[in-house]
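The block underneath contains the structure these notes are about, expressed in structure tokens.
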Amino acid sequence: FASKDINNDDYFPQFIKKVSLRKDEISNEPVSRGRIELVGGLVGDYSYRKNINARKGKRRVHIDELKRILQCAAREPSLDGSRGTVGLLKLLKPTKETIEYLCASIESGCKPIYKCEDTVKTFKAGSFPTGHGYDGNSNRNLIRIINDDLYLDWPWGRDRLKNDPYPSMSILLFQLLDRAYGLPDSVFIMAAEQSFLDWNVPFPAFSNSPSFRSSDIPWPWYESLRTEMQLHRDVVSSQRNFSGMSFHNAFTAQLEWDKRIPKALYLGEMIRIRQLVFDQALRRPDLIEARWKCDFCQFEPWSPVSKEDKDSVFKDIKSWWSIGQQQKAAGHPYDPSSAGNMLPLMQLYTNHSLKYEYGHYKYLVVLTGIEAKATSGRLASFLAH
């Protein structure tokens with residue numbers, strides 16, 4: 001940035017607006033945590049095939065009563081949002097034919113969807129092509145709720161498909177169906193992280209990171225749900241009786257602001273675009289504390305004069321990590337000319353699971369989503385605590 005930009009409020013605001021906690025529209029009281037305990041607590045298993053039978057016979061309340069107990073908001077703007085998805089559904093209601101064309105597109109890749117008529121006929125006749133990348137593990141499921149039960153569906157037979165709903169998508173469905181009845185019968189598609197429906201496809205589909213080019217409806221991110229549910233269980237295991245105040249105290253038992261580390265924290269899987277963040281963390285360790293892991297690594301030298309061979313890194317990442325740790329232990333000063341290379345980043349590599357200590361840092365690095373890939377899931381818990 002130019003020097004004149006440094007004091008620009010767009011980049012460095014002088015003040016952060018304080019927002020009051022939402023109030024329950026029925027009681028006019030601030031919403032409180034932990035209220036799922038008032039209807040029996042959390043479901044323990046999120047596997048579809050295990051859960052669908054395990055919850056039979058459990059006590060449930062009507063969906064309207066559940067909303068009252070949980071102090072749900074009266075409306076959710078994101079269901080329509082800037083994509084206008086709900087408005088599109090009202091304009092052209094989905095039909096059985098819509099479902100068939102859409103599922104044919106998912107399974108075969110035929111596009112645009114209105115050109116999938118021949119594929120639909122082929123699938124209905126029992127002929128399924130091979131080698132097109134769909135083997136029942138696409139993480140795109142056609143789901144129906146009928147008489148308060150959840151069913152997996154597919155127009156030409158579900159049995160040959162192997163995939164269960166993606167964990168991040170199914171958790172909330174199981175929590176809801178475990179505790180509520182009176183839900184309207186419905187049909188929709190649950191996807192996974194990335195959006196997939198074109199902006200003009202009139203069908204309800206959910207994904208973690210919809211883009212303006214898709215009609216997918218936002219669905220909460222798995223990491224955020226998992227973090228909050230684990231915190232909830234930790235509180236429940238330490239409390240004999242439910243108390244909204246006990247939940248509030250436990251969740252907010254973090255470090256005072258002046259005792260927090262005055263850095264921005266960033267933890268994540270290494271992918272190409274994130275290399276720039278880790279390079280910045282090496283350059284300014286006083287501002288950014290970062291670590292990365294390598295479950296599905298996607299990175300390579302981005303410096304045009306780098307002499308590194310990315311293949312050798314992945315073949316022997318432990319040796320590279322060892323060299324990086326030796327450099328770190330020796331206290332080698334950061335060399336600005338090393339940006340864009342892979343070896344320096346090994347100082348930030350870890351083979352341990354990454355866990356955010358949300359209450360220990362003052363700031364958090366949150367990257368802008370690119371090509372419908374979400375990055376803001378970690379932000380929800382940071383702001384909540």
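Annotations
- Gain on full stretching of the segment that runs from PHE128 to MET229 - 0.36 nm per residue minus C-alpha separation: 32.3 nm
- Cβ-derived FRET efficiency at R0 51 Å, ASN147 paired with HIS332, nearest 0.05: 0.20
- FRET efficiency for ILE271 and LYS18, using Cβ-Cβ distance with R0 set to 41 Å, rounded to 0.05: 0.75
- For the listed residue pairs LYS17/LYS263; LYS263/LYS307; LYS307/LYS328; LYS263/LYS293, the alpha carbons are over 24 angstrom apart in LYS263/LYS307.
- Between ASP64 and LYS93, the C-beta separation translates, for a Förster distance of 22 Å, into a calculated FRET efficiency of about 0.35.
Only the coordinates and a few stated rules stand behind these numbers; no lab work does. All values reported here derive from a predicted model rather than from experimental measurement. Cβ sites come from the backbone with ideal geometry, for glycine too, and all protein chains shown count toward neighbours.
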